[in-house]
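Notes to accompany the following structure.
The values are calculated or read from the model by the stated rules, or taken from the named source; none is laboratory data. No experiment lies behind these values; they were computed from the predicted model shown. Note that each Cβ is placed from the backbone with ideal geometry, even for glycine, and that neighbours are counted across all protein chains shown. These area figures cover heavy atoms from the full protein model, side chains too; ligands, DNA and RNA do not enter into them. Shrake-Rupley method; radii C 1.70, N 1.55, O 1.52, S 1.80 Å.
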Amino acid sequence: MSHDQQEHDRDPVCTFPVLPPARGRAFAQSWWGLAWLRALEDGALDGAAVKSGRRLARAGAVGAVTVRPGRVTAVVRDARNTAHRADILVPQLSEEQWVRFLDLAVEQAGHLAALLDRELPPHLIEDAAVSGVDLLPGIGELEPECDCDAWDHCGHTAALCHQVARLLDEDPFALLLMRGRERGTFLRELHVRSTAPRKAPSATESETETGAETEADGVDAAEAWAAAGILPPLPALPPLPDTPGVPPSLDTGATPARGVDPAALEHLAGRTAVEAYRLVGQDPGAPSLAELPAAQDAVRLAGGAPPETVADRLAEGSGRGREGLAVAVRAWRVGGVTALALLDEQWQVTGDALARARAALEAAWEADERPPFRMHGNHWTVPGEPVQLRLGQDDRWWPYRYENGRWAPAGDPDRDPATALATARLVSEKEPGPDGM
């Protein structure tokens, strides 16, 4: 923070130092900063005054900004370098509204953790608005006062509003101070509320409402330990859902921060949910994808139907191009890392592995039905046909077919080469094989 944090916590008045001119950048990046500017633009009757204020703020004409409950103040110099005191009055929340806001803050662990870490979560502001507690100003709530005697927003108050939007990007807790609570006081109230023990009902209240005796607060540790052997077993874990969870949409309408691509972030969250689902339901001995190289991880991410812009980035990151990435995704869907390695790498079949492969090929067909194969490494290609078998390190045969100028996976692998070849041949539209097959 650019202002004195300790003074912010002690004093219900906080002064922010002068900010440098905002040339070449937007005045607000955050959700609350943009909402503040929207309240100014929707409430000001004179659009020219708003534009004039924007020019003054961009040129650095706004002095130090003082924020106190219900009021924001600064000295603004106009185009003639004349100084004017500008104020923005903001309605304070009632004590009842603050109680409701604190209740909402402690209801969800995520909100509470963020606030205690001195962050103001946007979802808390949204939840509070639904409950009738509006931290962000609405139309007409930014009441201007200026010694230039303008009866509505003038260039000076509009310039101050633009500067406040920048300050809210730095410190959204200034919203709480404007509405009547400085940060330190609010966090102390929050801490007390979150750590206060739940009050047990009196015996009279309990008997009146339920006819039962009041339960004791807690259980003696020795009694709990002694009873461990006779307690019923814990309930079984809930079953895995039918499908992975769907992350929330990031399409909020707000301008994203520089360097953040919401579409890419939303797609990444979705694929993370799929991977988490896989990890929960997999065999504990199954391989982890945590150490995938970036090029292979790009293929994994592309398997979730990303938006076009994200697909282009993944194609570039994988080093395959769009067509090559599409083939790699097919391999990934068939067999993950193993199938992707089989697509990209060729190995020489020798010794016992070659003997097992030849035995499998001889046993799969009668002598007069066995197709001719041309062997190259671990690839067995049928001359004159756009089909091929690839032998994996685990002695499984993977069906491939030739299409669009490249070999592509055609289905699941099998230990029987005849079954794998039949899978490769089950293509409704066969393309001509490569020259010389």
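Which shape class applies to the range 131-171: rounded if a/c is under 1.5, otherwise prolate when a/b exceeds b/c and oblate if not, where a ≥ b ≥ c are the square roots of the Cα gyration tensor eigenvalues?
Verdict is oblate for the range 131-171.
Could you tell me what percent of the accessible area of the range 339-434 is made up of carbon and sulfur, with a 1.4 Å probe and every protein chain present? Before the final figure, lay out the partial values.
On the way: 2310 of 5090 Å².
Ligands and nucleic acids excluded, carbon and sulfur give 45 percent.
With +1 assigned to the C-beta of every Lys and Arg and -1 to the C-beta of every Asp and Glu, and no other charges, what is the dipole magnitude of the range 59-103 about the Cα centre in debye, to the nearest 20? Don't skip to the answer; put the middle values down first.
Values: 6 positive and 5 negative charges, 71 e Å.
Magnitude of the dipole: close to 340 debye.
Pop out the ³J(HN,Hα) list for the range 86-91 in order, Karplus 6.51 cos²θ - 1.76 cosθ + 1.60 with θ = phi - 60°, rounded to Hz; leave Gly and Pro as x.
Karplus-based 3J(HN,Hα) across the range 86-91 equals 10, 10, 10, 9, 10, x Hz.
Once the convex hull of the alpha carbons of the range 326-371 is built, what does its volume come to per residue, in cubic angstrom?
111
Please work out the average accessible area per residue across the range 57-194, using the 1.4 Å probe convention, and give it in Å².
42
Given the convex hull over the Cα atoms of the range 102-177, what projected area results after averaging over all orientations, in nm²?
5.9
State in Å² the accessible area per residue of the range 240-389; use a 1.4 Å probe, count heavy atoms of protein chains only, and round to the nearest integer.
Ligands and nucleic acids excluded, the figure is 59 Å² per residue.
Counting only protein heavy atoms and using a 1.4 Å probe, what share of the accessible area of the range 237-278 belongs to carbon plus sulfur, as a whole percent?
Carbon-and-sulfur percentage of accessible area, whole number: 65.
Under 12 Å from the Cβ of Leu421, count the other residues' Cβ atoms, weight Lys and Arg +1, Asp and Glu -1, and hand me the total. Can you show the working numbers first?
Details: positive: Arg370, Arg390, Arg401, Arg425; negative: Glu369, Glu385, Asp414, Asp416.
My count for the surroundings of Leu421 gives 0.
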